[in-house]
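Q: Quick one: the structure is below, and I'll ask about it shortly.
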Amino acid sequence: MIYFDNAATSFPKPAQVIDAVGKCLQGYAGNPGRSGHELALEAGRAVFSAREKLAQFFNIADPMQVIFTLNATDALNLALHGFLQAGDRVVTTSMEHNSVLRPLADLRQRGVTHEIVWADPRGEIALDDLRRAISKKTNLVVVNHASNVCGTVQPIREIGAMCRQLGIPFLVDASQSAGQLTIDVEQDRIDLLAAAGHKSLLGPQGTGFLYIRPGIEIAPLRQGGTGSRSEDTFQPEIMPDRYESGTLNTPGIVGLAAGLDFINQETQGKIVAHEKNLIDTLLAGLSEIDGLVLYGPRQDKGRAAVVAFGIGDLDSGEIAHLLGQKGICCRPGLHCAPLAHQSIGSFETGAVRLSPGFFNTLEEIEAAIRMCWQISRTIRTH
Ligand code: ALA
């Protein structure tokens, strides 16, 4: 089996992630913040250490502003539903995932309007178009950092600077970029950063986080037990308890911290260089195949480790099925991002997405290229 679906979730996880989850479950998975006994304290320390590691990774000054969530969708829902109120106006892009588009559609029914800035066929958003869409009445700008469909990267530093100058909060969906591209909430002027823990941060599924810049008012979506101020009828105001009701996913969070340790030890530079080598080889090989259309940014532009393509007018599901028969795991279809497919012109057939990761090899890339050649030849001889 060749796993090329790291954009859906990274696999395999580093051995130290699996080890850390196991050690937690076997050794100290008490309930963090709920008691003074040794297991609860150790779990609490492990969760805090993970918060610190995330803060350090994204240059977040106060780890208490990092809220653990179930995944990136959960983080985006907290940001959007917690921040926006009737009468508010949002500017966003056509490259967003349904984890942004669907909450915004729901909020529209509650009086929050949004304008979509359309990307070009390479998935790029023009800064000028974004600037034109933003007005004094805009309350929030939401931008997908790296497309889960075709890997196109948006210039968040420039967008962040523009938003800060205009005094408009900036929410970045870093689901596909966190761990792959450098993100610095200070330099990128990010007010709200949502990310998955189980993609390029190499943590287990069921992990994600939202960073909330101090001063940005987000209403909690859940109320409940926090282990703090139990005598209060109302949700405590203290961070991060305000947003973290209920027992946390301690083993998952510990695994996420181990994923960050792995990235820091290997270095992000080495991981990214390996993935870039895989992607460049894949792009070069696929670009020679007759009838194969590649989607995504120009080669001189940065991109996340995602390649999307179609062959002739074959449905992407059919191509994925043929690849799957040869043991290649990929994701076809619309990737929960229908407007991104409309932007790049693949809405009718969907696209086949290959997303290699750090543990893939050049031999595996070559095998995928050979398979795509075979599919292209087969359809031309029929
Ligand atoms: N958002 C994930 C993907 O792109 C699940 O496949």
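Each reported figure results from applying straightforward, stated rules to the coordinates on display, with no laboratory input. Remember, it's a predicted structure, so these values are computed and weren't measured experimentally. Here Cβ is always computed from backbone atoms with ideal geometry, including for glycine, and neighbour counts include all displayed protein chains.
Q: Considering the options Ile168, Gly151, Gly203, tell which one lies farthest towards the positive end of the dipole of the stretch 135-212, charges being +1 on Lys and Arg and -1 on Asp and Glu at the Cβ, about the Cα centre.
A: Checking the options against the dipole of the stretch 135-212, the answer is Ile168.
Q: Where both residues lie in the stretch 247-382, what percent of DSSP beta bridges are antiparallel, nearest 5? Walk me through the numbers on the way to the answer.
A: Numbers: 8 of 8 bridges.
Among the beta bridges of the stretch 247-382, antiparallel pairing accounts for roughly 100 percent.
Q: Another question, if that's okay. Which value at 222 nm does the chain reach when only helices count, each DSSP H run of 4 or more adding -39,500 (n - 2.57), with the total divided by all residues and rounded to the nearest 500 deg cm²/dmol?
A: Values: 11 runs with 148 residues, N = 382.
Computed ellipticity for the chain at 222 nm equals -12500 deg cm²/dmol.
Q: Taking the Cα atoms only, what angle lies between the long axis of helix 15-27 and the longest principal axis of the chain, rounded to 10 degrees?
A: The angle comes out at about 30 degrees.
Q: Quick check: the angle from helix 362-381's long axis to the longest principal axis of the chain, C-alpha only, nearest 10 degrees?
A: Roughly 50 degrees between the two axes.
Q: Let me ask something else about it. For a quick check of your reading of the filter: which trypsin sites (Lys or Arg not before Pro) in the stretch 88-163 sit in a DSSP loop and have no more than 12 other Cβ atoms within 10 Å? Before the final figure, lay out each step's value.
A: Values: sites: Arg89, Arg108, Arg110, Arg122, Arg131, Arg132, Lys136, Lys137, Arg157; in loops: Arg110, Arg122, Lys136, Lys137.
Taking the stretch 88-163 and a limit of 12 other Cβ atoms within 10 Å, the loop trypsin sites (Lys or Arg not before Pro) found are Arg110, Lys136, Lys137.
Q: Charges on Cβ only, +1 for Lys and Arg, -1 for Asp and Glu, centred on the Cα centroid of the chain; of Ala308, Gly179, Ile253, which one is farthest towards the dipole's positive end?
A: Positive-end residue among those listed: Ala308.
Q: Sticking with this structure for a sec: Calculate the dipole size of the stretch 47-185 relative to its Cα centre from +1 charges on Lys and Arg beta carbons and -1 charges on Asp and Glu beta carbons; express the result in debye to the nearest 20.
A: Values: 13 positive and 14 negative charges, 63 e Å.
With Lys and Arg at +1 and Asp and Glu at -1, about 300 debye.
Q: Going toward the positive end of the dipole of the stretch 229-328, with +1 on Lys and Arg Cβ and -1 on Asp and Glu Cβ, which of Asn277, Phe262, Gly317 do you reach last?
A: Working it through, the farthest residue towards the positive pole turns out to be Asn277.
Q: Can you tell me the dipole magnitude for the stretch 222-313 around its Cα centre, using point charges on the Cβ only (Lys, Arg +1; Asp, Glu -1), in Debye to the nearest 20?
A: Working: 8 positive and 13 negative charges, 28 e Å.
The dipole of the stretch 222-313 has a size of about 140 debye.
Q: Take Thr281 and Phe11, extend 7 Å from each Cα along the Cα→Cβ direction, and tell me the distance between the two endpoints in nm.
A: Placing both labels 7 Å along Cα→Cβ, they lie 2.2 nm apart.
Q: If you don't mind, another one. Could you list the GluC sites (Glu not before Pro) in the stretch 160-265 that lie in coil according to DSSP, counting only those with at most 10 other Cβ atoms within 10 Å of their Cβ? All intermediate terms of the calculation are to be shown ahead of the outcome.
A: Values: sites: Glu186, Glu217, Glu231, Glu237, Glu244; in loops: Glu186, Glu217, Glu231, Glu237, Glu244.
Listed in order of number, the matching sites are Glu217, Glu231, Glu237.
Q: To the nearest 20 debye, what is the magnitude of the charge dipole of the chain about its Cα centre, counting +1 on the Cβ of each Lys and Arg and -1 on the Cβ of each Asp and Glu?
A: Taking the Cα centre of the chain as origin, the dipole is about 300 debye.
Q: For the chain, what is the number of Lys pairs with C-alpha distance below 25 angstrom, counting only pairs 8 or more positions apart or on separate chains?
A: Qualifying lysine pairs in the chain: 17.
Q: Count neighbours as other Cβ atoms within 10 Å of each site's Cβ, and list the trypsin sites (Lys or Arg not before Pro) in the stretch 236-322 that are DSSP loop with at most 11 such neighbours.
A: Values: sites: Arg242, Lys270, Lys276, Arg298, Lys301, Arg303; in loops: Arg242, Arg298, Lys301.
Passing both the DSSP loop test and the Cβ count: Arg298.
Q: Take every DSSP beta bridge with both residues inside the chain and express the antiparallel ones as a percent of the total, to the nearest 5.
A: Details: 19 of 37 bridges.
Just about 50 percent of them are antiparallel.
Q: For the chain, find the longest principal axis of its Cα atoms and tell me its angle to the long axis of helix 250-266, 0 to 90°, nearest 10.
A: 60
Q: With springs only between Cα atoms under 10 Å, which of Ile238, Ile190, Ile125 fluctuates most in a Gaussian network model of the chain?
A: Among Ile238, Ile190, Ile125, the largest mean-square fluctuation in the Gaussian network model of the chain belongs to Ile238.
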